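The values are calculated or read from the model by the stated rules, or taken from the named source; none is laboratory data. Bear in mind that the values here come from a model prediction, so they are computed numbers and not experimental data. Cβ sites come from the backbone with ideal geometry, for glycine too, and all protein chains shown count toward neighbours.
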Amino acid sequence: MTQIEFALQEIEQNGNLSAQEIQFLKRIFSAHENRMQEKFPNYKLFITGTGQSYGLKIQKIITESFNDLHNLGGSNSYDADCTTNKTRIEIKSIKALKGKSSDYIGSRIINLNESTHLSGSFQQVKPLTCDWFIFHILYGNSDRLFLVPSDIISKTPKLINGEHGKILLSGQHRDHKTEGQINIGQILSRANLFEIPGYNHNNKNAYNFAELQNIICKRFNKNANDDTEWFLPNS
C-alpha cells in the first residue's frame, strides 16, 4: 500500500465525507500520480516499498536486462549467476532520494538528478558469498549501474579493519563478521572504474554481463582469466 492509498483509506474510514467527495479526492490523487509517472518514469518503482519487497523486484528487473543472467529470486546466498562463466552475483540497489525519510516519497525525488549529492549506503554487503556485485542507483527518470569485483572490497566489516587498496566495508550489525555496508560515495567517486555508461533497466536482454566484466577488467589492466588480487589503482 502506497502513502497515497493509505491516506485515502484513512480519509474514507474517518473523514466523514460523502461518497461523492471521496470519489472527487480519488480523481485528484489519481491525476497527481499520473503527472508523477509522466515526469518520473521510475515513480512506481520508488513507491514499491523498502527492504525485501523492493529488493526482489529490482533484482528481477535488473537480471532481465541481461541476456546471460539467471535470477535466483532470493533462494540463495547471492542473487544471480552468469550462465556464460558461472560468476556468482549479488545485486544492491539504492533509491536516489532527497529529504527526510518521513516525507512523501514523491516530494523526495523532485528536482533530483545524477549530479545531486547523494548520501546513504549499500546495505547488507557480503563480499565472501559472491564473485561480483552489481551496485545500482535508481533515479526518478534514469538509473546508474556499477560492476564491482567482490575481491576489491575489505572482507571484515569494521572501520579499523580497512585493507589498503580496497573499498572499505563498514560495520552494519553489531559484531557481524562477514556482512557490512558500503558508503555510496566510495562507488560514485570511482565511477570511471566501475560504471557501465548508458544503462537502462527497461532494455530487456540488451546487456551481456560477461562482456561488461571484461570492460571492467581492462580498466584494471586485467584479462578475464586473471586470478590475481584486485586493488584500487594509486593506492
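Tally the residues that are over 20 Å from Gly106 (Cα atoms), modelled with pLDDT of 90 or more and either of a type in the set (D, E, K, R) or touching a Phe, Trp or Tyr at 6+ places or on another chain (Cβ under 8 Å) (or both), restricting the search to the stretch 9-32.
Number of matching residues: 1.
In the stretch 11-70, which helices (runs of 4 or more DSSP H) lie fully inside it and hold 1 or more residues that are within 30 Å of Thr84 (Cα to Cα) and without any contact (Cβ under 8 Å) to a residue 40 or more places away in the chain? Walk me through how you get there before you give the answer.
On the way: elements: 19-39, 43-46, 51-64.
Helices (runs of 4 or more DSSP H) meeting the threshold: 51-64.
Here is a list: Tyr104, Tyr78. Which entry is assigned by TED's automatic domain parsing to the domain that holds Ala206, of a type outside the set (D, E, K, R) and closer than 19 Å to Phe135 by Cβ?
Values: Tyr104 fails: closer than 19 Å to Phe135 by Cβ.
From the options Tyr104, Tyr78, the qualifying one is Tyr78.
How many of the residues in the stretch 142-165 are modelled with pLDDT of 90 or more and either loosely packed, with under 15 Cβ neighbours inside 10 Å or not polar (S, T, N, Q) (or both)?
Step one: of the stretch 142-165, the residues modelled with pLDDT of 90 or more are 142-154, 165.
Add one more test, that the residue is either loosely packed, with under 15 Cβ neighbours inside 10 Å or not polar (S, T, N, Q) (or both), and what stays is 143-149, 151-153, 165.
Here the count works out to 11.
Exactly one of (1) outside the structural domain of Cys82 (by TED's automatic domain parsing); (2) modelled with pLDDT of 95 or more; (3) surrounded by fewer than 14 Cβ atoms within 10 Å (Cβ to Cβ) is unmet by Asn234. Its number?
So the condition that Asn234 fails would be (2).
Could you please find all residues in the stretch 94-109 being surrounded by fewer than 12 Cβ atoms within 10 Å (Cβ to Cβ) and of a type outside the set (Lys, Arg)?
Here is the first cut: in the stretch 94-109, the ones surrounded by fewer than 12 Cβ atoms within 10 Å (Cβ to Cβ) are 100-102.
The answer is Ser101, Ser102.
Filter the stretch 189-231 for residues that are more than 15 Å from Thr84 (Cα to Cα) and of a type in the set (D, E, K, R) and give the result.
Scanning the stretch 189-231 gives Arg190, Glu195, Lys204, Lys218, Arg219, Lys222, Asp226, Asp227, Glu229.
Just to be sure, is Lys86 over 30 Å from Asp151 (Cα atoms), in the same structural domain as Pro149 (by TED's automatic domain parsing), free of Cβ contacts under 8 Å to residues at least 12 places away in the same chain and charged (D, E, K, R)? Let's see the steps before the verdict.
Details: over 30 Å from Asp151 (Cα atoms): no; in the same structural domain as Pro149 (by TED's automatic domain parsing): yes; free of Cβ contacts under 8 Å to residues at least 12 places away in the same chain: yes; charged (D, E, K, R): yes.
So Lys86 does not fit the description; no.
Pick out the one residue from Gln23, Gln9, Gln59 that is within 23 Å of the chain's Cα centre (by Cα) and over 23 Å from Lys98 (Cβ atoms). Working first, answer last.
Values: Gln23 fails: within 23 Å of the chain's Cα centre (by Cα); Gln9 fails: within 23 Å of the chain's Cα centre (by Cα).
It is Gln59.
Among what's in the stretch 81-93 and is buried (at least 18 other Cβ atoms within 10 Å of the Cβ) and out of contact with any Asp or Glu (no Cβ under 8 Å at 6 or more places or on another chain), pick the residue that is nearest to Tyr139 (Cα to Cα).
At the first step, the residues of the stretch 81-93 found to be buried (at least 18 other Cβ atoms within 10 Å of the Cβ) are 81-82, 87, 89-93.
From what's left, out of contact with any Asp or Glu (no Cβ under 8 Å at 6 or more places or on another chain): 81, 92-93.
On the way: Asp81: 25, Lys92: 14, Ser93: 11 Å.
So the residue we want is Ser93.
Return the pairs, sorted by first residue and then second, in which the second residue is in a helix (DSSP H, G or I) and hydrophobic (A, V, I, L, M, F, W, C), the first residue lies in the stretch 177-197 and is more than 17 Å from Phe220 (Cβ to Cβ), the beta carbons are less than 8 Å apart, and the residues are 6+ apart or on different chains.
Taking only residues 6 or more apart or on different chains, the pairs are Thr178/Leu128.
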